[in-house]
Amino acid sequence: MATAGIGTSRPLTLLLFLIINLLSNTITGGGRVYADNGVFSVKYKYAGRERSLSTLKAHDISRQLRFLAGVDIPLGGSGRPDAVGLYYAKIGIGTPSKDYYVQVDTGSDIVWVNCIQCRECPRTSSLGMELTPYDLEESTTGKLVSCDEQFCLEVNGGPLSGCTTNMSCPYLQIYGDGSSTAGYFVKDYVQYNRVSGDLETTAANGSIKFGCGARQSGDLGSSGEEALDGILGFGKSNSSIISQLASSRKVKKMFAHCLDGTNGGGIFAMGHVVQPKVNMTPLVPNQPHYNVNMTGVQVGHVMLNISADVFEAGDRKGTIIDSGTTLAYLPELIYEPLVAKILSQQHNLEVQTIHGEYKCFQYSERVDDGFPPVIFHFENSLLLKVYPHEYLFQYMDELVY
């Protein structure tokens, strides 16, 4: 017998496949991806681990604090992207190329890796790889970014005091938990895979500017659990990797990610998606993150009676698409009627609360047979169907929702 539960934090799990088109402001859902520019193979940090709602919620709380506080901060927010990311990829940097393991993050705007000068930076990771600090002197294509370059002016919000010719462009990022990373920007080649045909890939490269972390403090300087070499920012600003490669015409300014949070891994594909045929919904313009317009929620064959203004985008409103968040979160005006409608399908459930926040119930049958799918509606008639086994969590001998 299993118990299903409803968490008061309003989570739903979604396995989400997204196409982000930055030129035409579109986002889409579908299946397998075949892009004509470049791809990164990614791995999921929690692959093979038993899911815990408490663990996932703690992860997301840190993540959401960065989202809410990061709108006015030039270098991608005030949270810890390395500590709250979910997917990482191996990329090559420099000539000759060396491998680096970096967080792939649609919520971050800059690319940075730990530098050879950093004494506090991690050298090992519990994820099973050896970490490599970047050494500008060992790359024949590496160059410093000077403080008077346009890139430096943009990421720092204007001219730097005391900047002189050939002086490097510094960066300093202080996070909410007191941790910080500081260093300077460099320019070098990043190696990635390009789809050449029949789903085969060949090596490709492009020159980008990224942060070279020379000093770390707090948890950023610790080796061990889930440490990585840095961050691969896929955000909307001009400093992200997708924007930089697009500006040099290496890729088209669009990307897709197909991520599997259950079995782990997936891909980030840069460029036009050739396969499969996809449906699209517009991105909301003038937003710091990737926002879409949700228009309604359906339970089984019934649309919930929710006022349209609940779905409106705006300051701290709307729907954010993020590769680094584990669960989907809904406002109470959507969550409460959604839960009530789902539970109404089973009249004899005895709902109880555990740990003061999770509502659970015992259920011995297949959940997909006893509960309805939930369908999220987006602009342009894009639908995302979530099945009961995806929104119900098993808690020990119980299912938690």
> Looking at the stretch 189-215, which of the residues that are of a type in the set (A, V, I, L, M) and either under 16 Å from N114 (Cβ atoms) or modelled with pLDDT under 75 (or both) is most open to solvent (accessible area, probe 1.4 Å)?
Replying inline: L199
>> When you check F151 against the structure, is it in a strand (DSSP E or B) and either open to solvent by less than 30 Å² (accessible area, probe 1.4 Å) or not assigned by the TED database to the domain that holds F255 (or both), yes or no?
In response: no
> Which numbered condition trips up R366, out of (1) buried (at least 17 other Cβ atoms within 10 Å of the Cβ); (2) in contact with a helix residue (DSSP H, G or I) (Cβ under 9 Å, 6 or more places away or on another chain); (3) at pLDDT 85 or above?
Replying inline: (1)
> Of the residues V284, V273, which single one is at negative phi and modelled with pLDDT under 85?
Replying inline: V273
> Counting only residues that are in contact with a helix residue (DSSP H, G or I) (Cβ under 8 Å, 6 or more places away or on another chain), over 20 Å from V297 (Cα atoms) and open to solvent by less than 20 Å² (accessible area, probe 1.4 Å), how many does the stretch 320-360 have?
Replying inline: 2
> Is it fair to say I375 is under 23 Å from V310 (Cβ atoms) and in contact with a Lys or Arg (Cβ under 6 Å, 6 or more places away or on another chain)?
Replying inline: yes
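The values are calculated or read from the model by the stated rules, or taken from the named source; none is laboratory data. Here the structure is a predicted model, which is why all the values come from computation and not from measurement. Cβ: placed from backbone, ideal geometry, glycine included. Neighbour counts: every protein chain shown. Heads up: the accessible areas ignore ligands, DNA and RNA and are worked out on the full protein's heavy atoms, side chains in. Shrake-Rupley method; radii C 1.70, N 1.55, O 1.52, S 1.80 Å.
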